[in-house]
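Okay, structure first, notes after.
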Amino acid sequence: MNQIMKALFALMLLGYSCGISRAQKFETAESEYEMASGQTASFVISLKEAKESTYNALTFSMLMPEGINLKGNPILTDKLENPFCISQESIVLPLETSQLDNLMFYALGDMAQNRKIKMAIASASPLPGTDVDSLLTFEIKTDENIAPDLYLIKLQNLLFEYEPKGKDYGNDMAVRIRIYKLGDADKNDAVDVVDATDVINYIMGRQIIGDYNIMLADMNNDGAVDIFDIMKLVNVILTGKLPDPNNAPMRSAGIYEDMLLAFSKNGVAMGIPDAQRFTSFQFEIEIPDDVELTGAELIDASTNHMVQFAKTDDYHYRVVGLSIDNSLLNGNNGNNLIDLCVPNCGRIKILNAMFVSPQGQVTYFNDTEIEDGITTGIRSTSISDTESIYDLLGRKVQMKDGRLPKGIYIINNKRVVVK
């Protein structure tokens, strides 16, 4: 087996192609892929017609344009990863025969110099994906300074081999990659307030008019567009400078803080500790289907913030607040930040709350629910030392180090559960 596979690869790497019987048609899932500078994306190469007798080997050349780079090895779409991979600096076959039963991948060439790689994929058994429509998935990344334009990734000299000595060739093809400026959601070659409005409308679930691609505004390249990206987009509009990819702030990994909910005159007041750390926020509200959210506003309206909300389904609303000039929220008192107008609501739940600092750092908050005066989902509180706190027996309770032990308390004539 070892000698057979070595011979097969020797022929493949030399471009041996006699005995070709017929052509195999290739195509991409999209006629043109849209990306922004500094982003990562993937595209799929498919067989137009699946072959009944599947292939054991495939070779091809890939020519990459300047400013677009291949990330890692292509992945057979029908397989999560390549079990065995040899770097482009090596053409040494594995010594163990058992490894030859697995898929092997070779990449030969120098991307830095001539932007061209010759690739070879082979297996002792049929290659996964050659008997279905989808074959190879490529992941690419654009440079941060790439100019907006149309670029072509060329695949050439595609050759399939199958037992015993059959060979089919594939058509040369070009994958079209259209590059836009990072943040240019409406694709008009400018990053401006129109793009910020489109992103806000997308997050709120509203209709966006005109041609757009919201993923062009994925400013941190994490595959999602949310308030985090809005703040980065606003900074680009204000400064004219793209985010520094080497100094990109990260989301808090697995760290959540607590919020406080309390019934108010208009509905429910939402509070978070040290609100002045943040400049923007986003969260969802879950309420009964017979109740409507009629308003959402900052209790202290002295800052230059805009708060918007929209209904996303029968039970949920989404609320977004941001400042165009990156001014901070007011509210040292964590109990009084946002007033949610939900008349006659006996239950409300805040979900997926995220607050963003002026530097782009994201802080998440635990989902919290209040019903009939009882707040649940709280692990710590930010209650003022001046408030009167009682246990269920009517005894006055003092906080220790600004916190209460676990239990149920009466605070401002309302029951609060501290978990």
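The values are calculated or read from the model by the stated rules, or taken from the named source; none is laboratory data. Remember, predicted model here, so these are calculated numbers, not experimental data. A quick note on method: Cβ atoms are made from the backbone with ideal geometry, for glycine too, and the neighbour counts reach across all protein chains shown.
Looking across region 258-291, the residues that are at pLDDT below 90 and either surrounded by fewer than 18 Cβ atoms within 10 Å (Cβ to Cβ) or not assigned by TED's automatic domain parsing to the domain that holds ASP367 (or both) come down to ALA262, SER264, LYS265, ASN266, ASP274, GLN276, ARG277, PRO288, ASP289, ASP290, VAL291. What strands (runs of 3 or more DSSP E) completely inside region 310-398 contain at least 1 residues that are at pLDDT 80 or above? Qualifying strands (runs of 3 or more DSSP E): 316-322, 338-341, 347-356, 362-365, 368-371. A Cβ distance below 7 Å, combined with a sequence gap of six or more or placement on separate chains, defines the contacts here; from region 273-300, residues that are basic (Lys, Arg) reach residues that are surrounded by fewer than 21 Cβ atoms within 10 Å (Cβ to Cβ) in the pairs ARG277/SER357. So, GLY205, is that one touching a strand residue (DSSP E or B) at 6+ places or on another chain (Cβ under 7 Å), at pLDDT 85 or above and either more than 18 Å from CYS345 (Cβ to Cβ) or not assigned by TED's automatic domain parsing to the domain that holds ALA36 (or both) or not? Against the criterion (touching a strand residue (DSSP E or B) at 6+ places or on another chain (Cβ under 7 Å), at pLDDT 85 or above and either more than 18 Å from CYS345 (Cβ to Cβ) or not assigned by TED's automatic domain parsing to the domain that holds ALA36 (or both)), GLY205 does not qualify.
For ASP189, are the conditions met, namely being in a loop (DSSP other than H, G, I, E, B) and exposed (fewer than 14 other Cβ atoms within 10 Å of the Cβ)? Full working, then the answer.
Values: in a loop (DSSP other than H, G, I, E, B): yes; exposed (fewer than 14 other Cβ atoms within 10 Å of the Cβ): yes.
Yes, satisfied.
So, ASP172, is that one farther than 23 Å from GLN39 by Cβ and at pLDDT 85 or above or not? When the stated conditions are applied, ASP172 passes them. Evaluation of TYR151 against the conditions (1) out of contact with any Pro (no Cβ under 6 Å at 6 or more places or on another chain); (2) under 27 Å from SER46 (Cβ atoms) shows that the sole unmet condition is (1).
Applying a threshold of 8 Å to beta carbon distances and a minimum spacing of six or more residues, or different chains, the list of pairs starting in region 37-51 at a residue that is among the aromatic types (Phe, Trp, Tyr) and ending at one that is exposed (fewer than 15 other Cβ atoms within 10 Å of the Cβ) and at pLDDT below 90 reads PHE43/ALA29; PHE43/GLU30.
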